[in-house]
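For reference, the structure discussed in these notes is given below.
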Amino acid sequence: MSKQRRPLIAGNWKMNGLAGSAAPELQELVKRAGEHSDPACDILICPPATLIDKMAGLAKGSAVKIGGQDCHANESGAHTGDISAEMLKDTGADYCIVGHSERRADHGESNAVVKAKAEAALRAGLTAIVCVGETLAEREGDKTLDVISDQVRNSLPEGATAGNTVIAYEPVWAIGTGKTPTPEDVAVVHAHIRKELGSLMGDSEAVRVLYGGSVKGSNAAELMAVENVDGALVGGASLKASDFWPIVETSI
Ligand code: 13P
């Protein structure tokens with residue numbers, strides 16, 4: 001992990017959590033974070049949109065930030081069921097994940113759509129977390145770096161800076177499977193992403209690139225120690241504070 005990049009340990013709750021069960025977990029996280037007067041990493045939870053207001057209220061004044069999991073590209077309009085980046089900001093979010101592989105797959109989101117959503121997040125004053133990652137077939141077909149290049153080049157928002165944009169590398173085959181790439185494989189992809197960002201943005205040294213996919217307490221230290229890995233995007237192991245905290249502890 002680079003000294004020049006402050007790690008970000010982020011939890012993506014996906015479609016999990018009701019107010020009654022989620023609040024104690026968030027409160028426990030806030031309590032543990034509060035025991036560190038000067039945390040060395042940023043801590044983020046992205047609950048379902050229904051809980052952002054409540055979780056942001058519980059996290060207020062703490063080191064724990066709250067984010068959305070997706071946003072519409074437009075600010076407002078006739079888009080039944082969608083939520084704009086401005087609405088997320090309004091309800092207490094500071095970040096928004098865009099282009100998660102589950103949205104790319106389940107909702108057919110193209111790189112162009114992801115880019116528009118990332119630009120909406122920036123427009124609203126949110127930090128965009130842009131997800132990229134190859135499928136198992138792409139990895140086995142030796143296409144990983146080509147796929148990553150294509151996604152980074154075509155999903156990166158106009159106006160991206162180290163301050164407003166984070167990249168999350170999440171191999172699709174590692175999500176929710178208990179499988180992770182080797183640290184060597186992670187290092188290759190992260191170095192490649194940083195190189196791509198360099199050619200797109202000029203100076204990419206300060207941009208944070210997270211790893212996601214089956215991160216848990218038992219493997220987090222090894223993954224966070226990989227060069228160019230600046231934090232984690234955690235699914236299942238972020239739902240309970242007792243599972244998430246050991247991952248935060250690798251960087252705090
Ligand atoms: P898991 O940590 O459950 O594998 O999920 C990773 C992920 O998709 C985070 O966005």
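No lab work stands behind these numbers, since they all come straight from the coordinates. The structure presented is a predicted model; accordingly, all values stated were derived computationally and were not measured. Every residue, glycine as well, gets a Cβ built from its backbone with ideal geometry; the counts of neighbours run over all protein chains shown.
Observations on the structure shown:
- Database remark: amide H of G176 closer than 5 angstrom to the amide H of S214 (H placed geometrically; neighbours at sequence offset of 5 or more, or on other chains; Pro and chain starts carry no H).
- Note that region 43-167 shows a convex hull volume over its alpha carbon atoms of 110 Å³ per residue.
- Shown for region 132-244 is the translational diffusion coefficient from the Stokes-Einstein equation, using the Kirkwood radius over Cα pairs, a temperature of 4 °C and a viscosity of 1.567 mPa s: 90 µm²/s.
- Based on C-alpha pairs under 8 angstrom that are at least 6 apart in sequence, region 109-161 has a relative contact order of 49 percent.
- Counting only whole DSSP H helices of the chain, the ones at least 24 Å long by C-alpha along their axis and with mean Kyte-Doolittle hydropathy no lower than 0.0 are 183-201.
- Across the chain, the relative contact order, built from alpha-carbon pairs under 8 Å that are at least six residues apart, equals 22 percent.
- Max-minus-min Cα coordinates of region 73-137 on each principal axis give 40, 24, 17 Å, with the largest extent listed first.
- About its Cα centre, the chain has a charge dipole of approximately 420 debye under the convention of +1 per Lys or Arg Cβ and -1 per Asp or Glu Cβ, with nothing else charged.
- The alpha-carbon atoms of region 1-60, seen along their principal axes, cover 37, 23, 15 angstrom, with the largest extent given first.
- Relative to the 2.2 N^0.38 Å rule of thumb, region 35-110 has a C-alpha radius of gyration ratio of 1.22.
- Look at where the Cα atoms of region 97-127 and of region 40-92 average out, and the two centres are 14 Å apart.
- Leading residue at positive end of dipole, the chain (Cβ point charges), from G17, C131, G202: G17
- Rg ratio for the chain: its Cα radius of gyration over 2.2 N^0.38 Å, N being its residue count, equals 0.93.
- Relative contact order for region 50-114, counting Cα pairs under 8 Å that sit 6 or more residues apart, in percent: 33 percent
- Net charge, V189 excluded, C-beta distance under 11 Å - Lys, Arg +1, Asp, Glu -1: -2
- Cα gyration tensor shape of region 135-183, rounded if a/c is under 1.5, else prolate or oblate by comparing a/b with b/c: oblate
- Volume of the Cα convex hull of region 94-176, divided per residue and given in Å³: 89 Å³
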